[in-house]
Amino acid sequence: MSKPCAVVTGGAQNIGQAIALRLQQDGYRVFVLDIESPEAESLKADAHQVDLSDVNATRQILLSIADAHGVTCLVNNVGIVRPALLDDTRVEDFDPLMHLNVRSALVCTQSLLPSMRRHGQGRIVMNASRVVLGKEARTLYSATKGALQSMARTWALELASDGITVNCVAPGPIATTAFWENNPPDSERARRIIENIPVQRMGQPDDVAQAVSFFCDSRSSFITGQTMFVCGGVTVG
């Protein structure tokens, strides 16, 4: 019996890689779509290098994967940040963030829906962020993540009768390359962030992968339209 197939966008490194590796452990054959080549050896065979802001290239790859293998799980993980306070936010950054963070999720989901419907089931997970609750210097990033969350709730209603669930994970402070680039480890800003995490540690990519795995599990079929904050308690207070 062939393995169920999953697609993870932005799965070459950091949180995306952790998600892809976890889904492999869960029994999925995982196809990674990323502009970078995967770091993990087990992901390289089914990896496709693509600029996910390129609609036609993305759609073509996904349709070929779905036709050849069938896909029942999609994790819309890819995203870029470009932090800036409101006064410094560049209008020129609006389209790149919206195209990669949001439009790619729409294109990927539309491309794989026929495959999920043929199988009579599906799991779609959006990687949102705790910034949907508000965070300084994240005007454009929070806009894209809020859009993902809103789309997920809408799709959850539209696709429920097809046996397809749509949920979000919303990571808080996670130790990724992007986090340390924006918050240098020896900086006062990084120290304050870590001290304010109730569980008293930084989150790890595997913590997010755990939440994604839960939503992708066949036993989670009664859960849809939800957002799980993977934040160490930051969003509670």
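Ala178 passes every criterion in (1) in contact with a strand residue (DSSP E or B) (Cβ under 9 Å, 6 or more places away or on another chain); (2) in contact (Cβ under 8 Å) with a residue 40 or more places away in the chain apart from (1).
When restricted to residues that are surrounded by 14 or more Cβ atoms within 10 Å (Cβ to Cβ), touching a residue at least 24 places away in the same chain (Cβ under 8 Å) and closer than 12 Å to Gly16 by Cα, the stretch 37-55 contains 2. Within the stretch 63-112, the residues that satisfy the criterion of being acidic (Asp, Glu) and out of contact with any Leu (no Cβ under 8 Å at 6 or more places or on another chain) are Asp67, Asp87, Asp88, Glu92, Asp95.
Select from the stretch 144-162 the residues that are out of contact with any helix residue (DSSP H, G or I) (no Cβ under 8 Å at 6 or more places or on another chain) and free of Cβ contacts under 8 Å to residues at least 60 places away in the same chain and write down the one among them that is farthest from Pro114 (Cα to Cα).
Of everything passing the filter in the stretch 144-162, Ser150 is farthest from Pro114 (Cα to Cα).
Taken across the stretch 167-174, residues that are over 23 Å from Gln25 (Cβ atoms) and free of Cβ contacts under 8 Å to residues at least 12 places away in the same chain do not occur at all. Taken over the stretch 60-96, the residue count meeting the criterion of being under 21 Å from Gln49 (Cβ atoms) and outside any strand (DSSP E or B) is 16. Do we have any residue at all in the stretch 222-230 that's over 19 Å from the mean Cα position of the chain (by Cα), at pLDDT 95 or above and not basic (Lys, Arg)? Looking through the stretch 222-230, at least one residue is over 19 Å from the mean Cα position of the chain (by Cα), at pLDDT 95 or above and not basic (Lys, Arg). Among the residues of the stretch 114-132, those that are in a helix (DSSP H, G or I) and over 20 Å from Ala20 (Cα atoms) comprise Pro114, Arg117, Arg118, His119, Arg130, Val131, Val132. Looking across the stretch 46-79, the residues that are of a type in the set (A, V, I, L, M, F, W, C) and more than 19 Å from Ala209 (Cβ to Cβ) come down to Val50, Leu52, Val55, Ala57, Ile61, Leu62, Leu63, Ile65, Ala66, Ala68.
Return a yes/no flag: does the stretch 133-147 have any residue that is over 17 Å from the mean Cα position of the chain (by Cα), outside any helix (DSSP H, G or I) and farther than 25 Å from Gln13 by Cα. Yes, because at least one residue in the stretch 133-147 is over 17 Å from the mean Cα position of the chain (by Cα), outside any helix (DSSP H, G or I) and farther than 25 Å from Gln13 by Cα. The set of residues in the stretch 68-109 that are over 30 Å from Trp180 (Cα atoms), touching a residue at least 24 places away in the same chain (Cβ under 8 Å) and surrounded by fewer than 20 Cβ atoms within 10 Å (Cβ to Cβ) comprises His69, Gly70.
Hey, can you tell me all the residues within the stretch 91-115 that are of a type in the set (D, E, K, R) and either touching a Lys or Arg at 6+ places or on another chain (Cβ under 8 Å) or under 25 Å from Asn167 (Cα atoms) (or both)?
Selection gives Asp93, Asp95, Arg103.
The values are calculated or read from the model by the stated rules, or taken from the named source; none is laboratory data. Note that this is a predicted model, so its numbers are computed, not measured. Please note: Cβ atoms are built from the backbone with ideal geometry, for glycine as well, and neighbour counts cover all protein chains shown.
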